[in-house]
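Worksheet: one structure, shown below.
The values are calculated or read from the model by the stated rules, or taken from the named source; none is laboratory data. Keep in mind it's a predicted model, so treat the numbers as computed, not measured. Cβ placement follows ideal geometry from the backbone for every residue including glycine, while neighbour counts extend to all protein chains displayed.
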Amino acid sequence: MTIQNLKSQNLILFEVISGSKSFGLNTPTSDTDIKGVYYLPKEKFFGLDYIPQISNETNDEVYYELGRFVELLLKNNPNILEILATPEDCILYKHPLMEQLRIEDFLSKLCNDSFAGYAITQIKKARGLKKKILNPMEKEKKSLLDFCYILKGYNSVAVPQWLEENNYKQENCGLINMPNSKGMYALFYDSKNSLGYKGIVQKTTSNEVSLSSIPKGENDIAYLSCNQDGYSKYCKEYKEYWDWMEKRNEDRYNTNQQHGKNYDSKNMMHTIRLLQTAEQILATGKLNIRVSNRAELLDIKAGNKEYDDLLEMADGLIASIESLYDSCTLPETPDVEKSTRALIDIRKELYR
């Protein structure tokens with residue numbers, strides 16, 4: 001099913017403008033994100049074709065099946081609670097049956113972990129981007145050969161350099177394992193390429209070195225060390241970096257470049273907002289997602305704060321949240337039985 005199917009079949013129960021516009025943090029360049037709740041046609045819900053979530057290609061329009069929505073509410077998922085707590089001026093449509101799902105029935109001490117935990121994830125994202133900005137990777141990918149070294153006394157030389165210095169070809173080399181020595185190999189060389197050696201690697205994309213059958217009487221000419229773990233780590237970072245380069249939001253990236261603080265300022269803004277929201281929930285027992293400190297948060301988004309100052313601010317909020325947790329009057333968890341009854345009542349009415 002598609003979002004268009006939901007709309008053409010009148011399956012949408014709740015539809016809101018979410019994100020920066022619902023938070024009161026939108027600017028002239030802000031996108032419009034749409035979130036919502038739907039129910040499935042009877043044959044799909046009772047059959048095998050259950051669909052918990054539907055979104056468009058850019059993921060700026062996401063709709064949750066009613067049961068999935070309630071399930072995530074019970075887990076105090078920040079994004080889902082914020083949908084239910086959307087201000088009236090951002091609600092596009094609300095089916096009368098949705099009145100049975102009230103935000104106060106779901107808020108609990110679980111918000112301490114869900115909101116603060118999500119904020120910590122945002123900090124990791126900001127640090128990850130900082131690492132990418134400060135450590136750009138060459139487009140030409142290294143091969144396993146670049147992580148192999150020839151031992152020379154108490155030192156070592158990179159295999160590509162050693163091959164060039166000795167006018168050797170890697171495909172004429174043969175390797176055998178060194179016993180009891182992980183990543184260590186004895187290296188043989190066949191200048192005529194007549195002994196069937198497999199080379200150090202068979203392809204530039206190889207993930208491991210090649211081993212050869214060495215005829216008796218042949219003498220090794222060197223010992224080779226292969227840092228295969230280092231190569232695996234490099235391949236993972238290379239993929240992450242170039243995936244990020246391909247998918248990054250250019251406007252957002254340019255903003256981060258212009259303010260020169262080498263962190264993702266939008267992520268850090270949301271980190272502080274999430275922590276402030278968790279503090280609000282534990283202090284008041286309520287959730288109001290429309291921020292009262294718009295100027296402060298947009299100042300963070302613009303990169304006008306030092307990264308270390310923001311981390312200190314986050315630490316202060318976390319300490320406040322931990323202090324409020326013990327005195328908070330919210331239940332430990334939402335009332336599952338009550339929420340389940342509401343869900344059943346809504347479904348009975350929908351499928352009557």
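A few notes on this one:
- Taking region 29-54 as the range and being charged (D, E, K, R) and under 29 Å from CYS90 (Cα atoms) as the test, the residues that pass are ASP31, ASP33, LYS35.
- Strands (runs of 3 or more DSSP E) enclosed by region 131-207 - at least 1 residues per element that are assigned by TED's automatic domain parsing to the domain that holds ALA222 and over 14 Å from ASP220 (Cβ atoms): 148-152, 155-158
- Residues of region 213-222 satisfying the condition of being under 15 Å from TYR168 (Cβ atoms) and either aliphatic (A, V, I, L, M) or within 44 Å of the chain's Cα centre (by Cα) (or both): ILE221, ALA222
- All of ILE281, ILE300 fail the test of being crowded, with 20+ Cβ neighbours inside 10 Å and either outside any helix (DSSP H, G or I) or at pLDDT below 95 (or both), apart from ILE300.
- Taking the conditions (1) modelled with pLDDT under 95; (2) surrounded by fewer than 17 Cβ atoms within 10 Å (Cβ to Cβ) in turn, LEU211 satisfies each one other than (1).
- Members of region 58-75 that are in contact (Cβ under 8 Å) with a residue 60 or more places away in the chain and more than 12 Å from VAL336 (Cβ to Cβ): TYR63, LEU66, GLY67
- Test: ASN167 is touching a residue at least 12 places away in the same chain (Cβ under 8 Å), surrounded by fewer than 14 Cβ atoms within 10 Å (Cβ to Cβ) and either among the acidic types (Asp, Glu) or out of contact with any Phe, Trp or Tyr (no Cβ under 6 Å at 6 or more places or on another chain) (or both): no
- Qualifying residues in region 1-32 (those that are charged (D, E, K, R) and farther than 29 Å from ILE344 by Cα) - the one surrounded by the fewest Cβ atoms within 10 Å (Cβ to Cβ): ASP31
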